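Beneath this line is the structure, given in structure tokens, with notes to follow.
The values are calculated or read from the model by the stated rules, or taken from the named source; none is laboratory data. Quick caveat: nothing in here was measured; it's all calculated off a predicted structure. Note that we place each Cβ from the backbone using ideal geometry, even for glycine, and neighbour counts take in every protein chain shown.
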Amino acid sequence: MPSLGQELKQAREERGINLREISQATHIGMRFLQAIENDQYDQLPGGIFNRSFVRKYARQVGLDEDQITARYDLMMSERGAEPQKTSVNYLEDFEPRSSSGRFILPALIFMILAAGAYAAYQYATSTGIDAGQAAATGATPSPVATATPESAATATPTPAPTPEAAQDLRLRLVASNGDCWMRVTSDDQQPVTKILRSGEAQEFTASDRLMVDLGNVLALTAELNGRPMKLEPNTGKTRLKNAVLTRENYQEYWQ
């Protein structure tokens with residue numbers, strides 16, 4: 001069985017993607033991507049960043065992110081390292097995204113100072129301290145906008161935005177519990193027929209319709225336009241045959 005890094009590299013090569021494209025899409029350095037493919041995780045920054053890097057790599061090459069990160073956690077556990085908990089995934093948002101990351105700390109300091117200055121001004125105005133004293137603390141008074149009767153009378157609530165109609169159909173199939181036979185036709189293109197091996201994922205996009213024929217749907221999970229899709233057999237016990245998904249009816253297939 002290939003290692004985690006070998007599996008990721010194989011998926012990348014099968015899709016014809018180079019490391020630089022993944023680096024530009026994920027903002028992960030080339031040397032870190034090469035370390036992942038070589039299973040040299042000790043060369044990564046460590047902590048939650050390692051797990052985040054592996055997850056983003058898997059996303060770019062079309063592999064199931066949860067399955068890959070679970071394999072990573074198991075591998076780290078077997079090596080004696082503490083696996084990262086999913087409850088701290090929000091830390092991924094603080095991953096350095098470009099060379100400008102070195103300015104994050106000064107920006108945070110500025111925000112803290114600005115918040116302190118505003119608090120000082122609020123205290124000054126509430127206790128009767130004049131503007132000069134407030135300015136000495138670093139606060140800058142700002143004019144307070146007041147509503148006039150005319151403006152109150154003419155003010156109208158902003159209507160809530162309505163959901164935008166789907167411009168295309170996006171289908172993602174993942175063989176999460178075993179192999180599955182599939183045939184999917186996007187619009188008037190040639191159908192894609194293959195066996196989706198356990199752990200593999202396949203994505204399809206169409207502007208008008210998708211013709212879907214699946215076997216062993218019990219082994220599949222699917223997303224349709226970003227939401228879980230119902231996979232209810234209509235032939236035998238495990239086959240979904242000749243399902244036609246359109247922009248008009250796709251919501252009927254949502255769970």
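Of note:
- Conditions (1) surrounded by fewer than 20 Cβ atoms within 10 Å (Cβ to Cβ); (2) over 20 Å from Leu63 (Cβ atoms); (3) in contact with a strand residue (DSSP E or B) (Cβ under 8 Å, 6 or more places away or on another chain); number of the one not met by Asp188: (3)
- Qualifying helices (runs of 4 or more DSSP H) (wholly inside the range 1-77; at least 1 residues being under 21 Å from the mean Cα position of the chain (by Cα), polar (S, T, N, Q) and farther than 25 Å from Gln202 by Cβ): 48-60
- Checked against the criterion of being part of a loop (DSSP other than H, G, I, E, B) and either under 19 Å from Leu63 (Cα atoms) or not hydrophobic (A, V, I, L, M, F, W, C) (or both), the range 239-246 contains not a single residue that satisfies it.
- Looking only at the range 55-78, and only at residues there that are in contact (Cβ under 8 Å) with a residue 40 or more places away in the chain and aliphatic (A, V, I, L, M), the one that is farthest from Ser198 (Cα to Cα): Met75
- Being assigned to a strand (DSSP E or B), surrounded by 12 or more Cβ atoms within 10 Å (Cβ to Cβ) and in contact (Cβ under 8 Å) with a residue 40 or more places away in the chain is a description that applies to Arg170.
- Residue in the range 48-62 that is modelled with pLDDT under 90 and out of contact with any Ser or Thr (no Cβ under 7 Å at 6 or more places or on another chain) present: yes
- Filter pass, Ile36 being touching a residue at least 24 places away in the same chain (Cβ under 8 Å), surrounded by 15 or more Cβ atoms within 10 Å (Cβ to Cβ) and under 18 Å from Thr69 (Cβ atoms): yes
- In summary, Ser23 fulfils each of the numbered conditions (1) touching a residue at least 24 places away in the same chain (Cβ under 8 Å); (2) touching a Gly at 6+ places or on another chain (Cβ under 8 Å) with the single exception of condition (1).
Rundown of residues vs (1) within 17 Å of Trp254 (Cα to Cα); (2) among the basic types (Lys, Arg); (3) buried (at least 18 other Cβ atoms within 10 Å of the Cβ), yes/no style:
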site	(1), (2), (3)
Ile195	no, no, no
Phe204	yes, no, yes
Met211	yes, no, no
Thr221	yes, no, no
Leu224	yes, no, yes
Gly236	no, no, no
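- Here is the figure for the range 41-54: residues that are touching a residue at least 24 places away in the same chain (Cβ under 8 Å) and more than 14 Å from Glu7 (Cβ to Cβ) total 8.
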